[in-house]
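To start, the structure under review is shown below, and the notes come after it.
Read the figures in this text as sums done on the coordinates, not as results from a lab. Not measured: the values here are computed from a predicted model. FYI the Cβ positions are ideal-geometry reconstructions off the backbone, even for glycines, and counts take in every protein chain you see.
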Amino acid sequence: MHDDLRVVFESRNRAACADRSLVLSAAGIPHQVVSDEGGSAIVVPAELSGQAAEELRLYDEENPPQQPKPAARIETMDPVPGVVAYLLVIVGVAWLDAAGAFGEIWRNVGRIDGELFRNGELWRSVTALTLHGGLEHLAGNIVFGALFGTFAGRFAGSGVAWLTILLCAALGNGVNTLLLEETHRSIGASTAVFAALGLASGFAWRARVFRDERWTYRVGPIVGGLALLMFTGTGDSNTDIGAHLMGFVAGFGGGVYLTRFKTRLQSDDLQRGAGVLAIGIITLCWVIALSS
C-alpha cells in the first residue's frame, strides 16, 4: 500500500464501510479499511482519491439512505361521555324492566326471539342489547362494556364509537339469530361489549397503531382481541358464544372502516350527532317494542 493515503469515507457504522469497500473492489481501486473503537474508514492512494470519491458518490446516489417510517399517530379522544351514556342506558332499562314500567314485561317484548325476529320484529336485535338476566349479568357487562368501550371511544370518539358499536352489535345479534333455530332466545349487552372490543382491535390494526417491522407486532391487535374474546367471551352453557363472535367480527369490520375517516372523527359536531342518533335508535326500537 502507498505511503501517501487519503481518507475517502469514514463512519461509525462498520457495515457501511464494508459495503463501500465492495464498491471500490468492483471498480478495481486498491484501498484499505481501517477500524478502531470510534468506527471505520476507507483509505486509498492519494492519486486515486478522486476516482474513489466519484465511485462512492455514484453509489450513494443509487442507494439513498432509507428514511425511518414515521410512527403512526392517532389523535385519541375522550371516551368518557360514551361510556357514561352506555351505563345510563343499560342500568336505566334494567330498572324499568324490574319495575314493570308501562305495565309491560320488558324482557318478553324486547328479547331476541328467533321466530318473531324472522317474522319482522327486527327491533329486537337492538332492544335485547339493553336487557339483562340479573345483577351478575348486568355487572359483568358494566365492567367489560366500560373497559372495551373506553378503548373504542379513545380511537373513534364517544359518539361515533357507540353508534358503530350499536349497529354492529345489532347486526351480530341478527345474523346469529338467523343461524340458529327459531326457538333461540337471548338478552344482554354482551354482543355490544364484544363489538366494542372488535372495533378497538380493527381500528388499531388498520391504523397501524402498533407499527413495527416485525409481523408479530402488526397482527398484535387482532391476536389480542381474539385472545380477550376467548378469555371473556366463552363461559357456561348459558353463554351465547355465537352472538359474542358475531359482535366481535362485525365490530372489527366497523373499526377497519372507520379508519378511512380518521381526520373527520375529531369533529365535535360529528361526535354529538352520532351519539344522539345512537340514543334515538335505541329509544325508537323500545317505543316500537312497547307499542306492538
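See the values below:
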{"quantity": "Long-range HN-HN contacts of TRP123 with modeled amide H, under 5 Å", "calculated": "none"}
{"quantity": "Dipole magnitude of the chain, debye to nearest 20 (Cβ charges: Lys/Arg +1, Asp/Glu -1, about Cα centre)", "calculated": "820"}
{"quantity": "For peptides 94-100, 16-22, 172-178, sequence by mean Cβ density within 10 Å, most packed first", "calculated": "172-178, 16-22, 94-100"}
{"quantity": "Value of [θ]222 nm, deg cm²/dmol, for the chain, DSSP H segments ≥ 4, -39500 (n - 2.57) each, nearest 500", "calculated": "-20000 deg cm²/dmol"}
{"quantity": "Projected label distance in nm at ILE241 and GLU54, using a 7 Å step from Cα toward the beta-carbon", "calculated": "7.3"}
{"quantity": "Förster radius 51 Å - calculated FRET efficiency between PHE261 and GLU61, Cβ distance, rounded to 0.05", "calculated": "0.80"}
{"quantity": "Three semi-axes of the equivalent ellipsoid, region 1-133, Cα gyration tensor, whole Å, largest first", "calculated": "81, 17, 11"}
{"quantity": "Shape parameters for region 5-62, alpha-carbon atoms, Rg then Dmax in Å", "calculated": "10.4, 29"}
{"quantity": "Computed lengthening from SER11 to ASP268, 0.36 nm per intervening residue step minus Cα-Cα distance", "calculated": "87.4 nm"}
{"quantity": "Phi to ³J(HN,Hα) by Karplus 6.51 cos²θ - 1.76 cosθ + 1.60 over region 174-191, Hz, x for Gly, Pro", "calculated": "x, 5, 4, 5, 5, 7, 9, 6, 5, 7, 5, 10, 6, 9, x, 8, 4, 4"}
{"quantity": "Summed residue charge, Cβ within 12 Å of ALA200's Cβ, Lys/Arg positive, Asp/Glu negative", "calculated": "+2"}
{"quantity": "Separation in nanometres of the label points that stand 7 Å from Cα toward Cβ, at LEU290 and GLU47", "calculated": "10.1"}
{"quantity": "Label of the coordinate-derived value, volume of the Cα convex hull per residue in Å³, listed as [x] 157; [y] 181; [z] 125", "calculated": "[y]"}
{"quantity": "Descending semi-axes in Å of region 79-215, equivalent ellipsoid built from Cα gyration tensor", "calculated": "29, 18, 11"}
